[in-house]
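Reviewing the structure listed below.
The values are calculated or read from the model by the stated rules, or taken from the named source; none is laboratory data. Every value quoted in this text rests on a predicted model; they were computed, and no experiment measured them. We place every Cβ from the backbone using ideal geometry, glycine too, and count neighbours over all the protein chains shown.
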Amino acid sequence: MREIKASAITEAIARLSMEANYELEDDVQKSLEAAYEREESPAGKEVLRQILENSKIARTERMPICQDTGLAILFVEMGQDVHVVGGDFETAVDAGVRKGYTDGYLRKSVLADPVRGGNTGDNTPAIVHLRIVPGDKLAIYVVPKGGGSENMSKIAMMKPADGLEGVKRFVTESVRTASGNPCPPIVVGVGIGGSFERCAYLAKKALLRPIGSVHADPFYTDLEKELLMLVNDTGVGPMGLGGRVTALAVHVETAPRHIASFPVAVNMNCHAARHKYVEL
Amino acid sequence: MAEHTLTVPLTKDIIVTLKAGDTVRLSGVVYTARDAAHKRLVDLIAEGKELPIPLEGQVIYYVGPAPTPPGKVIGSAGPTTSYRMDPYAPTLIEHGLRGMIGKGERTGQVVESMKKHGAVYFAATGGAAALISKSIHAVEIVAYEDLGAEAIRRLEVKDFPLIVAQDSHGGNVYREGQKAYAR
């Protein structure tokens, strides 16, 4: 058994919430720099130039990259030999979000009731995806997720007969119709399989993979490559102004499915692909 | 693509010269409003009541800024997605609004109002929020403080970098641009 204090969890999440909002990970930064070199459209290139300048200002001055500092979404892998002491796990998580969003001058964008509103004032509650795994570590991804890109996300319960071609059509059309709304250049997370809700989870999990990484299974590596090409051929471009760089990456995550179902989900991330990781 | 240096208020004479794809540096007063504030304004107009802000010749920026850190005028302040304001924009344009700043394409009804009354839609770069905040030199809440980040604020901006996304003639940088680069 390894004890981890609830207060340590709170501190880590507070710190990651702020860092994720001020500083892009290296893979995202490099991908945006490469996109700037690659982009052929003058309007698109200017957008990327502003994005890169913004990244520098945000990092240097510790200001949010985007004013939409997002819902606090967390992916947690808790080792089954971890014993959280000194408080409840979920309370500690929300305390971390509260602290990070207050101390970091981050925007409070959460409404208590989805229909009747009422800002919660502290960006809680967090949304936590938890797995219990072997070992004694606590691994936490903090993923601030903005509304614009999230709003363009889609899920379809396709027929198995729709197959791979159905997936390609669905992903490409989702990106095309989203146009500039999710703030391209986007990172596209694709979930295939699982159940209705598991599929959506896969699509979001796919966003966490480093840009430049490929699927472990060559069959899906090929699909990722083809989807990236199809999505970039829509010509949507940076901020939808038209260009050759609509997506920085397409990542696919899969899971076994029911014989009669073929769920496919597309979760988009904007160019501010924000996530930070810690292992306690 | 032409470059324009503009100051608010915007007159119809100026607006008709702006073409989709032109770049703009905008200075002067700009009001902020999002979904909730728009609904309140449109309800006031329907009730024949006075509005808390002027509309004639003015520009509204769709933004909900991050909290202001110590020593700064405003927190990060990039655009929010404009289509959510599409149900409200035609009424405001009808009553004198000349410019809107946001991101993403506007729908047919808004475009029809823009053509009929002479108004323009500018796009700012989404997610370049820290950079954009440098163009904002003064901020004050003028209405709906209860809405927090979504309150109506009066901003004084200088050289706010914009692109004319949809002009008063039906020109549309999204349609034209995406067509040009699709394969």
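Of all residues in the stretch B:121-131, none satisfies being more than 13 Å from every other protein chain (Cβ to nearest Cβ), of a type in the set (A, V, I, L, M, F, W, C) and in contact (Cβ under 8 Å) with a residue 24 or more places away in the chain. Among the residues of the stretch A:192-208, is there at least one that is away from every other protein chain (no Cβ under 14 Å), of a type in the set (Asp, Glu) and closer than 20 Å to A:His129 by Cα? Yes; the residues of the stretch A:192-208 include at least one that is away from every other protein chain (no Cβ under 14 Å), of a type in the set (Asp, Glu) and closer than 20 Å to A:His129 by Cα.
On the basis of being in contact (Cβ under 8 Å) with a residue 60 or more places away in the chain, more than 17 Å from the chain's Cα centre (by Cα), over 15 Å from B:Tyr121 (Cα atoms) and in a loop (DSSP other than H, G, I, E, B), does B:Lys72 make the cut? Yes. In the set (1) within 9 Å of another protein chain (Cβ to nearest Cβ); (2) crowded, with 17+ Cβ neighbours inside 10 Å; (3) charged (D, E, K, R); (4) out of contact with any helix residue (DSSP H, G or I) (no Cβ under 9 Å at 6 or more places or on another chain), the condition left unmet by B:Lys179 is number (2).
Here A:Val85 meets each of (1) closer than 23 Å to A:Met239 by Cβ; (2) in the same structural domain as A:Val128 (by TED's automatic domain parsing); (3) in contact with an Asp or Glu (Cβ under 7 Å, 6 or more places away or on another chain); (4) among the hydrophobic types (A, V, I, L, M, F, W, C) with one exception, condition (1).
Could you check, for the stretch A:153-170, whether at least one of its residues is free of Cβ contacts under 8 Å to residues at least 60 places away in the same chain, surrounded by fewer than 17 Cβ atoms within 10 Å (Cβ to Cβ) and either in the same structural domain as A:Ser7 (by TED's automatic domain parsing) or in contact with a strand residue (DSSP E or B) (Cβ under 6 Å, 6 or more places away or on another chain) (or both)? No, because not a single residue in the stretch A:153-170 is free of Cβ contacts under 8 Å to residues at least 60 places away in the same chain, surrounded by fewer than 17 Cβ atoms within 10 Å (Cβ to Cβ) and either in the same structural domain as A:Ser7 (by TED's automatic domain parsing) or in contact with a strand residue (DSSP E or B) (Cβ under 6 Å, 6 or more places away or on another chain) (or both). Here B:Ala138, B:Ala182 are screened, and the one residue that is aliphatic (A, V, I, L, M), in contact (Cβ under 8 Å) with a residue 40 or more places away in the chain and in contact with an Asp or Glu (Cβ under 7 Å, 6 or more places away or on another chain) is B:Ala138. Does A:Val47 satisfy being surrounded by fewer than 18 Cβ atoms within 10 Å (Cβ to Cβ), among the β-branched types (Val, Ile, Thr) and in contact (Cβ under 8 Å) with a residue 40 or more places away in the chain? Judged against the criteria, A:Val47 is not a match. Residue count for the stretch A:202-249, restricted to those that are part of a helix (DSSP H, G or I), closer than 19 Å to B:Lys179 by Cα and out of contact with any helix residue (DSSP H, G or I) (no Cβ under 6 Å at 6 or more places or on another chain): 3. Tallying residues that are surrounded by fewer than 23 Cβ atoms within 10 Å (Cβ to Cβ) and within 13 Å of chain B (Cβ to nearest Cβ) within the stretch A:93-103 yields 2.
Residue-level check: of (1) away from every other protein chain (no Cβ under 11 Å); (2) surrounded by 14 or more Cβ atoms within 10 Å (Cβ to Cβ); (3) at pLDDT below 95, A:Arg116 misses just (2). Against the numbered list (1) away from chain A (no Cβ under 13 Å); (2) closer than 20 Å to A:Gln67 by Cα; (3) within 13 Å of the chain's Cα centre (by Cα); (4) assigned to a helix (DSSP H, G or I), B:Tyr83 comes up short only at (1).
One line per residue, one yes/no per condition, for (1) charged (D, E, K, R); (2) away from chain B (no Cβ under 11 Å); (3) farther than 19 Å from A:Val187 by Cα:
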| residue | (1), (2), (3) |
| --- | --- |
| A:Ile9 | no, yes, yes |
| A:Glu19 | yes, yes, yes |
| A:Leu24 | no, no, no |
| A:Leu32 | no, no, no |
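Screening A:Lys108 on (1) free of Cβ contacts under 8 Å to residues at least 60 places away in the same chain; (2) charged (D, E, K, R); (3) under 30 Å from A:Arg2 (Cβ atoms) shows it passes everything except condition (3). Among the residues of the stretch B:30-72, just one is in contact with a strand residue (DSSP E or B) (Cβ under 7 Å, 6 or more places away or on another chain), within 12 Å of chain A (Cβ to nearest Cβ) and of a type in the set (A, V, I, L, M, F, W, C), namely B:Val63. Annotation note: of B:Ile60, B:Ile53, the sole residue that is part of a loop (DSSP other than H, G, I, E, B), of a type in the set (A, V, I, L, M) and within 16 Å of B:Ile93 (Cα to Cα) is B:Ile53. Of everything listed in (1) in a helix (DSSP H, G or I); (2) over 29 Å from A:Leu111 (Cα atoms); (3) away from every other protein chain (no Cβ under 14 Å), the single unmet condition for A:Ile4 is (1). When you go through A:Lys108, A:Lys45 one by one, which is the residue that is charged (D, E, K, R), over 18 Å from the mean Cα position of the chain (by Cα) and away from every other protein chain (no Cβ under 11 Å)? Of A:Lys108, A:Lys45, the one residue that is charged (D, E, K, R), over 18 Å from the mean Cα position of the chain (by Cα) and away from every other protein chain (no Cβ under 11 Å) is A:Lys45. Just one of (1) touching a residue at least 12 places away in the same chain (Cβ under 8 Å); (2) in a helix (DSSP H, G or I); (3) within 9 Å of another protein chain (Cβ to nearest Cβ) fails for A:Glu53. It is (1).
Is it the case that the stretch A:21-34 has a residue that's farther than 29 Å from A:Asp94 by Cα, in contact (Cβ under 8 Å) with a residue 12 or more places away in the chain, over 18 Å from the mean Cα position of the chain (by Cα) and not assigned by TED's automatic domain parsing to the domain that holds A:Thr91? Scanning the stretch A:21-34 turns up at least one residue that is farther than 29 Å from A:Asp94 by Cα, in contact (Cβ under 8 Å) with a residue 12 or more places away in the chain, over 18 Å from the mean Cα position of the chain (by Cα) and not assigned by TED's automatic domain parsing to the domain that holds A:Thr91.
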